[in-house]
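This report concerns only the one structure given below.
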């Protein structure tokens, strides 16, 4: 994995001078510069309302920035000027279709791309097995627990083998134990596969545990305050979670987050 | 609440109302004999069933005529309602142009427009007038429910479809229509009953033309003070209404039981 962390890694996403102003006049993001390298696990960490989800959605192509640009240097652009992003997106809620089985939910991205059920079957089953739900292919979302639904959502994001996985506070609604399990499983999935993950969270501990790099964001308007490189080696596990190293990174990150929150609206 | 939470077996569910019905019928029979109520005021149940048995062939023909108009009206209303709802879901302009007129159709009493419709289709085609009137009555719940359903799509799922480049058709077919299905089925349940009511009311107002439906049998029996036969026709109408309702409920259960809250069995 050392080569994944290489600073000279090729740039995948280049966010420059991005601002987002909503129709209501709220300035959600301002002056965002960020470059995402291939293979890194980058967390966007910040308090609620700092625009981290907005930034993730802009990168996904859901909505356009009011100023600045989001460039995909290594993607091909189609005739309408849209880059071929090759992304998988995981929302805060599992966002599954309640009328469809686990198989059909995971099959959806391929179906929308015009693939038939038969030619997709292997890929769909593979994705479902990767997230550990091999026995639940024919189940409906209603029959699954919150953590299992989130796994289905991740399988759906993985089924097209995207280069980039965008995750918008995916585990925020889950209990602590499920969350740790999913963190570990996510790292295992990510390890050595050359994907890039962009992960939105408001948890310092989660971001340190998972990331190669953390972008600490502040609010009003949303901006990136610090970029912290978490140099601890992978694989990370329970031992890392209890190590002095982990504590030290958490301390640095917390301090930065506190500073970011105190930042512009520090009225004593 | 506590005393109501005991589970009720399906057998009890049928047996209790049936027992109540039998008790009422016996009381009715006894009171009619005891008080010597004239049969042109309130016939005894036994007399009604005798009349039903005697006039069986002609009543059955009437039943078929009413049933045919009800079914045709229902399916035309279903087709037009869904088509218009889908159309208005595609474009806001279509929606705001159509909806006021749909409401006008809905709030205008069918009895009031019957004479006009009758003149338009010509007195030789009363059955067509009946069909049009019953369709108008049955149409609105389908349109309004389906429109509401098509709009109730989960926002994140809509984003997901956009991310995967879904076409307008794919979004309609795989997202909007399944979302609208429970709403549509609710509308169909109401419309099924309304189509029957529409068919009967229209026949009262417009007359029966060549064939005589159940409504006409009721009018005719009343004119001849043949009250037992009137009751017999009423019973057939009720049975028809019940059968339509049960079919709709069954369809609803069949299509939704795997995934929708309304049809899920809860285990305690």
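The values are calculated or read from the model by the stated rules, or taken from the named source; none is laboratory data. Just so it is clear, the model here is predicted, and its values are computed rather than measured. Glycine gets a Cβ as well: all are built from the backbone with ideal geometry, and neighbour counts include every protein chain shown.
For the residues A:164, A:208, the requirement of being under 12 Å from the mean Cα position of the chain (by Cα) and closer than 15 Å to residue A:40 by Cβ singles out A:164.
Per-residue answers, yes or no, for (1) buried (at least 18 other Cβ atoms within 10 Å of the Cβ); (2) closer than 26 Å to residue B:157 by Cα; (3) outside the structural domain of residue A:207 (by TED's automatic domain parsing):
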| position | (1), (2), (3) |
| --- | --- |
| A:22 | no, yes, no |
| A:33 | no, no, no |
| A:47 | no, yes, no |
| A:51 | yes, yes, no |
| A:58 | yes, yes, no |
| A:91 | yes, yes, yes |
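Looking across the range A:99-134 at every residue that is at the interface with chain B (Cβ under 10 Å from one of its Cβ atoms) and surrounded by fewer than 17 Cβ atoms within 10 Å (Cβ to Cβ), the one that is farthest from the chain's Cα centre (by Cα) is identified as A:114. So for the range A:171-178 (the condition being touching a strand residue (DSSP E or B) at 6+ places or on another chain (Cβ under 9 Å) and buried (at least 17 other Cβ atoms within 10 Å of the Cβ)), does at least one residue qualify? The answer is yes, given that some residue of the range A:171-178 is touching a strand residue (DSSP E or B) at 6+ places or on another chain (Cβ under 9 Å) and buried (at least 17 other Cβ atoms within 10 Å of the Cβ). For residues in the range B:1-21 being assigned to a helix (DSSP H, G or I) and over 26 Å from the mean Cα position of the chain (by Cα), which is modelled with the lowest pLDDT? Here the answer is B:3.
Per this entry, residue A:156 is counted among residues that are closer than 21 Å to residue A:93 by Cα, in a helix (DSSP H, G or I), in contact with a helix residue (DSSP H, G or I) (Cβ under 9 Å, 6 or more places away or on another chain) and in contact (Cβ under 8 Å) with a residue 60 or more places away in the chain. Being away from chain B (no Cβ under 12 Å) and out of contact with any strand residue (DSSP E or B) (no Cβ under 9 Å at 6 or more places or on another chain) holds for only one residue in A:35, A:66, A:48, and it is A:48.
Among the residues making up the range A:193-223, a single one is closer than 20 Å to residue A:156 by Cα, in contact with a helix residue (DSSP H, G or I) (Cβ under 8 Å, 6 or more places away or on another chain) and surrounded by fewer than 19 Cβ atoms within 10 Å (Cβ to Cβ): A:194.
Modelled with pLDDT of 90 or more, within 11 Å of another protein chain (Cβ to nearest Cβ) and more than 19 Å from residue B:65 (Cα to Cα) - does that describe any residue in the range B:182-197? Yes; the residues of the range B:182-197 include at least one that is modelled with pLDDT of 90 or more, within 11 Å of another protein chain (Cβ to nearest Cβ) and more than 19 Å from residue B:65 (Cα to Cα). Candidates in the range B:30-60 are the residues that are part of a loop (DSSP other than H, G, I, E, B) and surrounded by 14 or more Cβ atoms within 10 Å (Cβ to Cβ); of these, the one that is nearest to the chain's Cα centre (by Cα) is B:55. Helices (runs of 4 or more DSSP H) fully within the range B:61-176 that include at least 3 residues being within 14 Å of chain A (Cβ to nearest Cβ): B:155-163, B:168-171. Could you tell me whether residue B:137 is under 22 Å from residue B:180 (Cα atoms), out of contact with any strand residue (DSSP E or B) (no Cβ under 8 Å at 6 or more places or on another chain) and touching a residue at least 40 places away in the same chain (Cβ under 8 Å)? It is true that residue B:137 is under 22 Å from residue B:180 (Cα atoms), out of contact with any strand residue (DSSP E or B) (no Cβ under 8 Å at 6 or more places or on another chain) and touching a residue at least 40 places away in the same chain (Cβ under 8 Å). Residue count for the range B:250-265 satisfying the condition of being surrounded by fewer than 16 Cβ atoms within 10 Å (Cβ to Cβ), touching a residue at least 24 places away in the same chain (Cβ under 8 Å) and away from chain A (no Cβ under 12 Å): 1. The number of residues in the range A:224-261 being in contact with a helix residue (DSSP H, G or I) (Cβ under 7 Å, 6 or more places away or on another chain), closer than 30 Å to residue A:25 by Cβ and surrounded by fewer than 16 Cβ atoms within 10 Å (Cβ to Cβ) comes to 0.
Just wondering, is there one or more residues in the range A:113-127 that are in a strand (DSSP E or B) and closer than 23 Å to residue A:169 by Cβ? No, the range A:113-127 has no match at all.
When every residue of the range A:148-157 is checked against the conditions, at least one turns out to be surrounded by 18 or more Cβ atoms within 10 Å (Cβ to Cβ), at the interface with chain B (Cβ under 10 Å from one of its Cβ atoms), under 21 Å from residue A:197 (Cα atoms) and in contact with a strand residue (DSSP E or B) (Cβ under 7 Å, 6 or more places away or on another chain).
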